[in-house]
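The values are calculated or read from the model by the stated rules, or taken from the named source; none is laboratory data. Just so we're clear, the structure is a prediction, and the values are computed from it rather than from any experiment. Ideal geometry is used to build each Cβ from the backbone, glycine not excepted, and the neighbour counts take in all protein chains shown. Ligands, DNA and RNA are stripped out before the accessible areas are found, and what is left, the full protein with its side chains, is counted by its heavy atoms. Shrake-Rupley method; radii C 1.70, N 1.55, O 1.52, S 1.80 Å.
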Amino acid sequence: ALKIVTIGGGSSYTPELIEGYIKRKDELPIKEIWLVDIEAGKEKLEIVGEMAKRMVKAAGLDWTVHLTLDRREALKDADYVSTQFRVGLLDARIKDERIPLSHGVLGQETNGAGGMFKAFRTIPVILDIINDMKELCPNAWLVNFTNPAGMVTEAAIKHGGWKKTAGLCNVPIGHRKQAAEKLGLPEEDLFFKFAGINHFHWHRVWDKEGNERTAELIDLIYGPESESESHLKNIHDVPFPYEQIKDLGLLPCGYHRYYYIEDEMLAHSVQEFKEGKTRAQVVKATEARLFELYKDPKLDYKPKELEQRGGTHYSDAACELIASIQNDKRTDMVVSTENNGTITDLPYDCIVEVSGPVTGHGPEPYNWGTFPPAARGIIQVMKGMEETVIRAAIDGDYGAALHAFTINPLVPGGTMAKTLLDELLIAHQEHLPQF
Ligand code: NAD
Ligand code: G6P
Ligand code: MN
């Protein structure tokens, strides 16, 4: 019988997770679900935790749902540990977005200056969790959803030494659904290959007759006739430059907008900033509405309103990954995992986001090979930036942090890099003991 632990259990996404477990009740012999949070999230944990209990009961299951602020008690003998915490909660995200934007620089949850600061706050915590896991549940799998998911997963595997870690994101799921819909074919009849790093990956698509459909999809999704579409609630819908995508011959992910059309995305974000409507501010209001709904003692299912969050369908990743490891199902999934030569342009021991079957011993990604030069250069810069961020997060080294800021494509170098870094270091001081 399984003991599953979720750290950051007070997240408004928890009903999504519970729904995913309920859907897979025949594949997952669950006995206990432990939702862990901290003092600052206590109230959220209680509200969403009670809702989780109602969902389990309504499904007629005898699983026990435990709510706790004692992480060590929860981790004892756990089989799977999933993480969905946000150090500093949404108020910290508001700073990540608003401080850069106040200087006319892109502020975003996982990209640019904001993403790097989310990593600085989060990486020491994930390493701490791993230290507890070494002692309390040495055989557990760590399923990381916490953003920036790629960097957090790399820190867990390479620096924490926790090999049984898989990083997840819902973005590839959206792209799979989008391709199936555009081609008018069932998703199961398509074969996908994704490669890159978290929130910076590309993909190719084939049909079951063996024909590659990537070029056709580029036309259908980004061509002159098509209406642009970001299927992600959190990414503003600016069309990609068609000729450029066609030239690359790979389908981009939604987050490439921040790099390929940086000026338009920035202009839009600055507008939101001026109106007091950055994504974090909008999400804070959505979250408040969700928790009002969760308080209703009659609500025992995931409300529609949760679709307003960018991470909708995320349980299709998290719960399926667990079911696939547990049963050696070999479901074809996109996971942040060790490169091991899958992408020849990147270091062997770094973490990449790639597709492949998830076996009883974890992901076994398909070989991707090399990127065309136009993608190779930028992904190598991005990976070098990530490695530098992780080093700064662990050592608290100011020079490394400044270097990461300087090489990040979304942060201008020189005095601006330094100004932003210094301002963010002060703003987030309480969550950055290492600096
Ligand atoms: P949130 O602000 O609601 O935070 C979730 C919970 O984490 C809160 O209840 C908070 O109190 C708790 N928390 C903070 N520090 C903690 C700690 N040290 N230990 C335990 N709990 C702690 O966040 P959210 O908007 O629900 O998002 C949760 C996380 O999941 C974020 O990191 C977000 O970026 C990530 N996320 C990732 C994806 C993905 O694609 N990988 C999708 C959606 C959300
Ligand atoms: C996407 C990404 C997540 C990100 C989320 C933000 O789904 O995959 O990594 O956390 O959007 O959504 P939000 O509603 O918090 O802006
Ligand atoms: Mn994601």
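From the list Val358, Val354, Val381, which one is closer than 20 Å to His199 by Cβ and surrounded by 24 or more Cβ atoms within 10 Å (Cβ to Cβ)?
Among Val358, Val354, Val381, only Val354 is closer than 20 Å to His199 by Cβ and surrounded by 24 or more Cβ atoms within 10 Å (Cβ to Cβ).
Just to check your reading of the model, which residue among Gly41, Gly10 is assigned to a loop (DSSP other than H, G, I, E, B) and modelled with pLDDT of 95 or more?
Values: Gly41 fails: assigned to a loop (DSSP other than H, G, I, E, B).
When all the criteria are applied, what remains is Gly10.
Do you know which residues across segment 339-363 are within 20 Å of Val171 (Cβ to Cβ) and of a type in the set (Gly, Ala, Ser)? Please lay out each step first, then the result.
Start the filter on segment 339-363 by keeping residues that are within 20 Å of Val171 (Cβ to Cβ), which leaves 339, 342-343, 346, 350-358, 363.
Within segment 339-363, Ser355, Gly356 qualify.
Would you mind telling me which numbered condition in (1) surrounded by fewer than 20 Cβ atoms within 10 Å (Cβ to Cβ); (2) more than 20 Å from Met151 (Cβ to Cβ); (3) touching a Gly at 6+ places or on another chain (Cβ under 9 Å) Tyr348 fails?
(2)
Can you tell me which residue within segment 240-285, out of those that are under 19 Å from Ala113 (Cα atoms) and of a type in the set (Lys, Arg), is surrounded by the fewest Cβ atoms within 10 Å (Cβ to Cβ)?
Selected residue: Lys274.
I'm trying to understand the selection: among the residues of segment 108-117, which are open to solvent by less than 10 Å² (accessible area, probe 1.4 Å) and either of a type in the set (Val, Ile, Thr) or touching a helix residue (DSSP H, G or I) at 6+ places or on another chain (Cβ under 6 Å) (or both)?
Listed by number, the residues that qualify are Asn111, Ala113, Gly114, Met116, Phe117.
Determine which member of the set Gly167, Gly160 is open to solvent by less than 20 Å² (accessible area, probe 1.4 Å), at pLDDT 95 or above, within 15 Å of ligand 3 (Cβ to nearest atom) and within 16 Å of Glu338 (Cα to Cα). Explain how you work it out, then say what you get.
Values: Gly160 fails: within 15 Å of ligand 3 (Cβ to nearest atom).
The conditions single out Gly167.
Going by the structure shown, is Gly112 touching a Phe, Trp or Tyr at 6+ places or on another chain (Cβ under 9 Å), more than 12 Å from ligand 1 (Cβ to nearest atom) and at pLDDT below 95? Break it down stepwise before answering.
On the way: touching a Phe, Trp or Tyr at 6+ places or on another chain (Cβ under 9 Å): yes; more than 12 Å from ligand 1 (Cβ to nearest atom): yes; at pLDDT below 95: no.
Criteria not met by Gly112.
Mind checking whether some residue in segment 215-225 is in contact with a Cys (Cβ under 7 Å, 6 or more places away or on another chain) and under 30 Å from Val282 (Cα atoms)? Show your work before the answer.
First, the residues of segment 215-225 that are in contact with a Cys (Cβ under 7 Å, 6 or more places away or on another chain): none.
No, segment 215-225 contains no residue that is in contact with a Cys (Cβ under 7 Å, 6 or more places away or on another chain) and under 30 Å from Val282 (Cα atoms).
Only one of these is among the aliphatic types (A, V, I, L, M), open to solvent by less than 70 Å² (accessible area, probe 1.4 Å) and within 16 Å of ligand 2 (Cβ to nearest atom): Leu220, Leu232, Leu299. Name it.
Leu232
With respect to the numbered conditions (1) away from ligand 1 (no atom under 11 Å from the Cβ); (2) open to solvent by 70 Å² or more (accessible area, probe 1.4 Å), which one is the sole condition not fulfilled by Ile18?
Every listed condition holds for Ile18 apart from (2).
Any residue in segment 266-289 that is under 20 Å from Pro15 (Cβ atoms) sitting within a Cβ distance under 7 Å of a residue that is in a helix (DSSP H, G or I)? List the pairs, counting only those 6 or more apart or interchain.
Val283/Leu90; Lys284/Leu90; Thr286/Gln308; Glu287/Leu90; Arg289/Glu305
From the list Val152, Val81, Val87, Val125, exactly one residue is among the β-branched types (Val, Ile, Thr), open to solvent by 10 Å² or more (accessible area, probe 1.4 Å) and more than 18 Å from Ile426 (Cβ to Cβ). Which is it? Full working, then the answer.
Working: Val152 fails: open to solvent by 10 Å² or more (accessible area, probe 1.4 Å); Val81 fails: open to solvent by 10 Å² or more (accessible area, probe 1.4 Å); Val87 fails: more than 18 Å from Ile426 (Cβ to Cβ).
Going through Val152, Val81, Val87, Val125 in turn, the sole match is Val125.
Which condition breaks for Gly341 when tested against (1) in a loop (DSSP other than H, G, I, E, B); (2) open to solvent by 40 Å² or more (accessible area, probe 1.4 Å); (3) of a type outside the set (Asp, Glu)?
With (1) in a loop (DSSP other than H, G, I, E, B); (2) open to solvent by 40 Å² or more (accessible area, probe 1.4 Å); (3) of a type outside the set (Asp, Glu) applied to Gly341, the lone miss is (2).
Going through segment 128-149 one residue at a time, which ones are in contact with a helix residue (DSSP H, G or I) (Cβ under 9 Å, 6 or more places away or on another chain) and either open to solvent by less than 10 Å² (accessible area, probe 1.4 Å) or more than 22 Å from Ser11 (Cα to Cα) (or both)?
Within segment 128-149, Ile129, Ile130, Met133, Glu135, Leu136, Cys137, Ala140, Leu142, Val143, Asn144, Thr146, Pro148 meet the criteria.
Take the conditions in contact (Cβ under 8 Å) with a residue 60 or more places away in the chain, under 29 Å from Lys246 (Cα atoms), open to solvent by 40 Å² or more (accessible area, probe 1.4 Å) and of a type outside the set (Asp, Glu) and apply them to Pro409. Does it pass? Let's see the steps before the verdict.
Values: in contact (Cβ under 8 Å) with a residue 60 or more places away in the chain: yes; under 29 Å from Lys246 (Cα atoms): yes; open to solvent by 40 Å² or more (accessible area, probe 1.4 Å): yes; of a type outside the set (Asp, Glu): yes.
So Pro409 passes the test.
Take the residues in segment 226-237 that are free of Cβ contacts under 8 Å to residues at least 40 places away in the same chain and closer than 19 Å to Pro172 by Cα; name whichever of them is nearest to ligand 3 (Cβ to nearest atom).
We begin by selecting, within segment 226-237, every residue free of Cβ contacts under 8 Å to residues at least 40 places away in the same chain; these are 226-228, 230, 236-237.
Then keep just the ones that are closer than 19 Å to Pro172 by Cα; that gives 228, 230, 236-237.
Values: Ser228: 20, Ser230: 13, His236: 16, Asp237: 17 Å.
Selected residue: Ser230.
Based on this model, can you work out whether Val56 counts as touching a residue at least 12 places away in the same chain (Cβ under 8 Å), open to solvent by less than 10 Å² (accessible area, probe 1.4 Å), more than 14 Å from ligand 1 (Cβ to nearest atom) and assigned to a helix (DSSP H, G or I)?
Yes.
Looking at segment 287-296 only, could you name the residues that are loosely packed, with under 15 Cβ neighbours inside 10 Å and either hydroxyl-bearing (Ser, Thr, Tyr) or over 22 Å from Val56 (Cβ atoms) (or both)?
Answer for segment 287-296, where residues must be loosely packed, with under 15 Cβ neighbours inside 10 Å and either hydroxyl-bearing (Ser, Thr, Tyr) or over 22 Å from Val56 (Cβ atoms) (or both): Ala288, Arg289.
If I filter segment 54-67 for residues that are farther than 19 Å from Pro303 by Cα and among the acidic types (Asp, Glu), do I get at least one hit?
Yes, the conditions are met somewhere in segment 54-67.
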